[in-house]
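The values are calculated or read from the model by the stated rules, or taken from the named source; none is laboratory data. Predicted, not measured: the structure shown is a model, and the values here were computed from it. Note: ideal-geometry Cβ built from the backbone for every residue, glycine included; neighbour counts use all protein chains shown. Just so you know, the surface numbers come from the protein's heavy atoms only, side chains and all, with ligands and any DNA or RNA stripped out. Shrake-Rupley method; radii C 1.70, N 1.55, O 1.52, S 1.80 Å.
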Amino acid sequence: MNEHDQRLLRELTEQVTRAVRGDFTPGMLSRSGEAQLDALADALARLMEELAQAQEFITALSMGRLDMEPPPRNHLLSSFKQLHANLRHLTWQTQQIAAGDLNQRVDFLGEFSVAFNSLIAALREKRTAEDRLRYMNNHDSLTDLYNRSYFTEEMERIERGRRYPVSIMLADLDGLKRVNDTLGHAVGDRLIQHAAQVIRHSVRGDDVVARIGGDEFAIILPATDTATAHEVRDRIRRSEELFNLECRNYVIGISIGIATAEQGGPLAEVLRLADKRMYDDKFARKKAGGPGRREDE
Amino acid sequence: MVKKEHSLYRFEWKNLGDIAAGRPNLGDTTHVAVYRLMQYTLRDVLVTRYGLETASEILREAGRLAGSEFCGNMLDTNLDFNGFIADLQDKLRTLNVGIFRIEKADLESLELVMTISEDLDCSGLPMLDDTICEYDEGFLAGIFKVYTGKEFNVREVDCWASGERTCRFAAKPAGEGIP
């Protein structure tokens, strides 16, 4: 071993010693001229370079700097790259959860996965409870139609919108008192439910059907002129007839009034006019002896 | 199966046949090694005959065709992006293709970074110092083309075969450069 070889070996030993202490700074290595020793020096230089890259990447990872791209083809980092990929995916999942997607699940981070999935399950339960509460707040429990409070809000929303002409239909169930008095309130409730079904099945998806009183229903028909609103009324009449043909326990009779607002503005007057026309219809049906006849009137 | 020469691809999902009827005893699964035996012998022949670049392009194109058919027949394309990704994750896992994850998704530019761990094609392969999942590149491009209606370029950035533990793919709409 000549002097050059000994110097190179000394330098290599110093580098390895520094690396053991965590210092991967590459030092200048002299050449020995001996092929095998020079190859060892080259290999050690590559190792030091990869260790330095690894140290930088792991430090960034430990500080949560996930935007740092892992150095390519550095095999010392394989497991850390997998952890990096997992954490990036977890970041993406958390962003989706923040945006409202509660279907995310973690299944690659051991105990953390269990804790994370429990957290999501708790959020899902909370959302379900809130949805249920919101639903109950907006709906009538007997018929599942919207309630008066929602109907009022929806009227105000539509007043501010651009879906004119808007028609409003008021429907009043005939003979409820008679059914309640003679057959009991449970049967009266079923009559209300059936009337609600008749109305709901006759309107369109965008129409807002609400039960606004004991036997009173109101329907908002957005982007609907008078002629189209009358078509909806005719469909209700046909459904009513069909129901009465099939049901032998009681008869559904619905008095209907319609009014249309051609242009934007307050809908209160339209609602009042629809109410008046509903009573006109009830009077006419009573006079004709139809199902609109009510013994309590 | 399709044997006649033709210029337009005619593969359809139904060409996979009635597996339940054809394999009443052996069922619809096989060993990963058998899949890889076909994949890598076919790749070897293609590389030997046509060179690496052409062979890679052929595999990528086959993957694209497979991805299109897979998306059209196995995935719900009416879902929103997150729902679609969840569906894709679920299907790839159920079919033991791999554990698919999204690292980044820019829904405006449609630039995505995805990983597949325990990949059917490559996880556990010997080190080759290069990416090897051209078929997966095409497969993902085919899936996203059917879902978005846009051509995609997908490139594998990291691969088990290049020494990583997970395959990472970068995707962006075609015409906006190679990811």
| said: Which of the strands (runs of 3 or more DSSP E) found entirely inside segment B:95-179 contain at least 1 residues meeting this: away from chain A (no Cβ under 11 Å) and under 18 Å from residue A:75 (Cα atoms)? | reply: B:152-158
| field | Filtered residues of segment A:161-175 (kept if open to solvent by 30 Å² or more (accessible area, probe 1.4 Å) and either among the hydroxyl-bearing types (Ser, Thr, Tyr) or free of Cβ contacts under 8 Å to residues at least 40 places away in the same chain (or both)) | value | A:164
| If you go through segment A:134-156 one residue at a time, do you hit one that is in a helix (DSSP H, G or I), within 14 Å of chain B (Cβ to nearest Cβ) and under 16 Å from the mean Cα position of the chain (by Cα)? | no
| query | Considering only segment A:50-67, how many residues are among the aliphatic types (A, V, I, L, M) and either within 13 Å of another protein chain (Cβ to nearest Cβ) or open to solvent by 70 Å² or more (accessible area, probe 1.4 Å) (or both)? | reply | 3
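Here is a yes/no grid of residues against (1) surrounded by 15 or more Cβ atoms within 10 Å (Cβ to Cβ); (2) at negative phi:
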{"residue": "A:104", "(1), (2)": "yes, yes"}
{"residue": "A:110", "(1), (2)": "no, no"}
{"residue": "A:115", "(1), (2)": "no, yes"}
{"residue": "A:125", "(1), (2)": "no, yes"}
{"residue": "A:137", "(1), (2)": "no, yes"}
{"residue": "A:141", "(1), (2)": "no, yes"}
{"residue": "A:148", "(1), (2)": "no, yes"}
| field | Selection count where residues are part of a loop (DSSP other than H, G, I, E, B) and surrounded by 10 or more Cβ atoms within 10 Å (Cβ to Cβ), scope segment B:11-27 | value | 4
| Would you pick out the residues in segment A:83-118 that are farther than 15 Å from residue B:86 by Cα and out of contact with any helix residue (DSSP H, G or I) (no Cβ under 9 Å at 6 or more places or on another chain)? | A:85, A:86, A:88, A:91, A:98, A:110, A:111, A:113, A:114, A:115, A:117, A:118
| task | Run residue B:72 past the list (1) surrounded by fewer than 17 Cβ atoms within 10 Å (Cβ to Cβ); (2) within 11 Å of chain A (Cβ to nearest Cβ) and report the number of the one that doesn't hold. | result | (2)
| remark: The correct count of residues that are modelled with pLDDT of 90 or more, aliphatic (A, V, I, L, M) and surrounded by fewer than 18 Cβ atoms within 10 Å (Cβ to Cβ) in segment B:105-130 is 2
| Whichever residue in segment A:83-102 is small (Gly, Ala, Ser) and over 27 Å from residue B:167 (Cβ atoms) and, among such residues, is most open to solvent (accessible area, probe 1.4 Å) | A:98
| request: Could you tell me whether segment A:44-63 includes any residue that is among the aromatic types (Phe, Trp, Tyr), out of contact with any Ser or Thr (no Cβ under 8 Å at 6 or more places or on another chain) and farther than 30 Å from residue B:113 by Cα? | output: no
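Here is a yes/no grid of residues against (1) more than 14 Å from chain B (Cβ to nearest Cβ); (2) out of contact with any Gly (no Cβ under 9 Å at 6 or more places or on another chain); (3) not in a helix (DSSP H, G or I):
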{"site": "A:23", "(1), (2), (3)": "yes, yes, yes"}
{"site": "A:26", "(1), (2), (3)": "yes, yes, yes"}
{"site": "A:31", "(1), (2), (3)": "yes, yes, yes"}
{"site": "A:36", "(1), (2), (3)": "yes, yes, no"}
{"site": "A:43", "(1), (2), (3)": "yes, yes, no"}
{"site": "A:70", "(1), (2), (3)": "no, yes, yes"}
{"site": "A:79", "(1), (2), (3)": "no, yes, no"}
| task | Check residue B:91 against each of (1) more than 14 Å from chain A (Cβ to nearest Cβ); (2) surrounded by fewer than 22 Cβ atoms within 10 Å (Cβ to Cβ); (3) out of contact with any helix residue (DSSP H, G or I) (no Cβ under 6 Å at 6 or more places or on another chain); (4) outside any strand (DSSP E or B) and name the one condition it does not meet. | result | (3)
